[in-house]
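Throughout, read-outs are computed from the coordinates displayed, never taken from laboratory work. In this text, all values refer to a predicted model and were calculated from it rather than measured experimentally. Here the Cβ is made from the backbone with ideal geometry for all residues, glycine too, and neighbour counts use every protein chain on show.
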Amino acid sequence: MPTLYARIPEDRVGVLIGPGGRTRRAIAHATRTQVEIDAVEGEVRVTSPDSEPMSALRARDIVLAIGRGFSPERAQRLMKDDTYLQVLDIKFTTGHREKAALRRIRARVIGSAGRARTRIEDLSGCSVSVYGSTVALIGKEDQLDRGVRAVELLLRGSEHSTVFHLLANLRRNAALDEATTPLEPEDAE
């Protein structure tokens, strides 16, 4: 019976529980796990009674995504087999630890009225959440590669237009690669 633990910020516990416990129950039902929440400490225990470790991992990732600022609906994207969560620590990436610098750097990723974050989501295919000193991304492997690269460039001070052009080129190249890749392997004789 695999058991995994997670800790989320106290102000996100209510979102994880949901109205009348609805969100917690929905996660447990969708992943066939037991999700127990210590609302005071923000500790979450995920147990998979059917000895299926992937369902416990999936439930834990959904919990962590909600803890990093995603809505429960957006976190449900992690139910797909080929979709992952990646969390970047702004402090680790930039080395800035002062509140003013952190606020300024977060604002670069979010952009005016959220336009930079939305543009990153549109061009990379990832869902992006900026919460506290972290930037979390949900997406498929190739989407995460593009999204993480864009966010890291913005965190290091690259111009928004440069990053968006890079993302557009990466997306275009990925579409071309996908279009030219044969569906079936050719027989080598």
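Of note:
- Placing a pseudo-label 7 Å from each Cα along the Cα-to-Cβ vector at Arg32 and Leu176 gives an inter-label distance of 4.4 nm.
- Net lengthening on full extension, Val40/Arg156 (0.36 nm per residue, minus Cα-Cα): 38.1 nm
- Averaging the Cα positions of each part gives two centres, and for the stretch 157-177 and the stretch 1-28 these lie 36 Å apart.
- Proximal aspartates and glutamates to Lys91, defined as alpha-carbon separation beneath 18 angstrom and excluding residues fewer than eight positions away on the same chain: Glu152
- Spacing of the modelled spin labels on Ala168 and Glu52, each 7 Å from Cα toward Cβ, amounts to 4.3 nm.
- Those residues of the stretch 127-141 whose amide nitrogen sits under 19 Å from the label point placed on Glu98, 7 Å along Cα→Cβ: 133
- Computed over the chain: relative contact order in percent, which uses C-alpha pairs under 8 Å that are six or more apart: 17
- Computed [θ] at 222 nm, helices only, for the chain once each DSSP H run of length n ≥ 4 contributes -39500 (n - 2.57): -16000 deg cm²/dmol
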